[in-house]
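Working notes, structure below.
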Amino acid sequence: SINNPAVMDIRGTYTYERMNNRSAYLAEQIMLAIGGKGKHGRIALFLPRTKEFVVSLFAVLRAGCAAVPIDGEYPKERVRTILEDVSCALCITNEEKAEDVVGTPTLILEKVFPENADEPEGDISLDLSDPDVEGYILYTSGSTGKPKGVIHRQAMLNNAPEVLGSVTTFTEKSRSLNIAGFSFIAGTFDTMPLLTSGGSVYIANETERKNMDMIWSLFEKRQITGMYIPPQMFTVMRKLHGPLPLEYVAMVES
């Protein structure tokens, strides 16, 4: 149902209808902002851990572009290095973090979606996504300490639904808890499988994702059914609390 919860954070919930409309409208603003650079541009997502990140990711894909997630906690110099290396056409950010963006045009979410203003309406039929074009460019520190970009096609975002779908069943009642960094591939394990099956995702903020007691309390408070969790955290959490009350746990060994 379009009225079911899709993506949540500590500040509230977006239904599928609102997420769809917001991502469509933001996709239109992206296309206007990049102008002649057109389809297949690279768009940085430099945002805090909120539901707006997920909306922005879908907006970039709908605009036929590639998302370059940049951890909201990265220092200014690292942000600059990534933006320069990937030659981003645009950076979607917020007012607080915009001052750390140098040399790249910005699209500030507070200006796209002004607080207390009427909800803008986008063309929900807009979809320029293409599985064979660049979709997700992830940066890691690499062995030298210098960020290295890895380009993934948009089709890569189907990997998590296919992998997890082979071991568990997702329904409208499925809820994942996202604690993984969006700049890592594991971040897709708690979003794509759920949002392609009518389930919902809770985005833990920086405080929640680093506190195992808070994570444990979120299981019941947010009715979490599964999640990605680092192996080390899984081991410690089991020692502290016992078996996790989840239907599945996804882990990616380093």
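The values are calculated or read from the model by the stated rules, or taken from the named source; none is laboratory data. None of the values given here were measured: they were computed from a predicted structure. We place every Cβ from the backbone using ideal geometry, glycine too, and count neighbours over all the protein chains shown. Ligands, DNA and RNA are stripped out before the accessible areas are found, and what is left, the full protein with its side chains, is counted by its heavy atoms. Shrake-Rupley method; radii C 1.70, N 1.55, O 1.52, S 1.80 Å.
For region 202-254, the fraction of 1.4 Å probe accessible surface lying on carbon and sulfur atoms is 51 percent.
Sites listed here are trypsin sites (Lys or Arg not before Pro) in region 100-180 whose DSSP assignment is loop and whose Cβ has at most 16 other Cβ atoms within 10 Å: 173. Solvent exposure of the chain amounts to 48 Å² per residue of accessible area, where only protein heavy atoms count and the probe is 1.4 Å. Charged side chains reduced to their Cβ positions (Lys and Arg at +1, Asp and Glu at -1) give the chain a dipole of some 620 debye around its Cα centre.
Which percent, nearest 5, of DSSP beta bridges in the chain are antiparallel? Taking every DSSP beta bridge with both residues in the chain, the antiparallel ones total about 30 percent.
Note on the chain: helix-only mean residue ellipticity at 222 nm, from DSSP H runs of 4+ residues weighted -39500 (n - 2.57) and normalised by residue number, equals -9000 deg cm²/dmol. Backbone geometry of region 152-169 corresponds, through the Karplus equation with coefficients 6.51, -1.76 and 1.60 at θ = phi - 60°, to 3J(HN,Hα) couplings of 10, 6, 4, 4, 4, 5, 7, 4, 4, x, 5, 5, 6, x, 7, 10, 8, 10 Hz, x marking Gly and Pro. Pairs of alpha-carbon atoms within less than 8 angstrom and 6+ residues apart define the contacts here; what relative contact order does region 108-201 have, in percent? Value for region 108-201: 22 percent. If R0 is 35 Å, the Cβ-Cβ spacing of residue 117 and residue 252 corresponds to a FRET efficiency of close to 0.30.
A straight chain from residue 159 to residue 110 at 0.36 nm per residue would run longer than the Cα-Cα distance by 14.4 nm. Shape of the chain from its Cα gyration tensor (a ≥ b ≥ c, root eigenvalues): rounded if a/c is under 1.5, otherwise prolate when a/b > b/c, or oblate? Here the chain falls in the prolate category.
Given the peptides 7-19, 182-194, 204-216, 233-245, arrange them by the average over their residues of other C-beta atoms within 10 Å, most packed first.
Working: 7-19: 17.2, 182-194: 22.6, 204-216: 15.3, 233-245: 12.2.
Highest to lowest by the protection proxy: 182-194, 7-19, 204-216, 233-245.
Annotation: the antiparallel percentage among DSSP beta bridges lying fully within region 88-227 is about 45. Between 176, 125, 56, the residue with the greatest mean-square fluctuation in the GNM of the chain (Cα pairs under 10 Å linked by springs) is 125.
Simple rule: put +1 on each Lys or Arg Cβ and -1 on each Asp or Glu Cβ in the chain, find the dipole, and look at 163, 40, 174; the Cα lying farthest toward the positive end is 163.
Using DSSP, restrict attention to beta bridges with both residues in region 89-166 and report what percent are antiparallel, rounded to the nearest 5. Can you show the working numbers first?
Values: 6 of 9 bridges.
So the antiparallel bridges in region 89-166 amount to around 65 percent.
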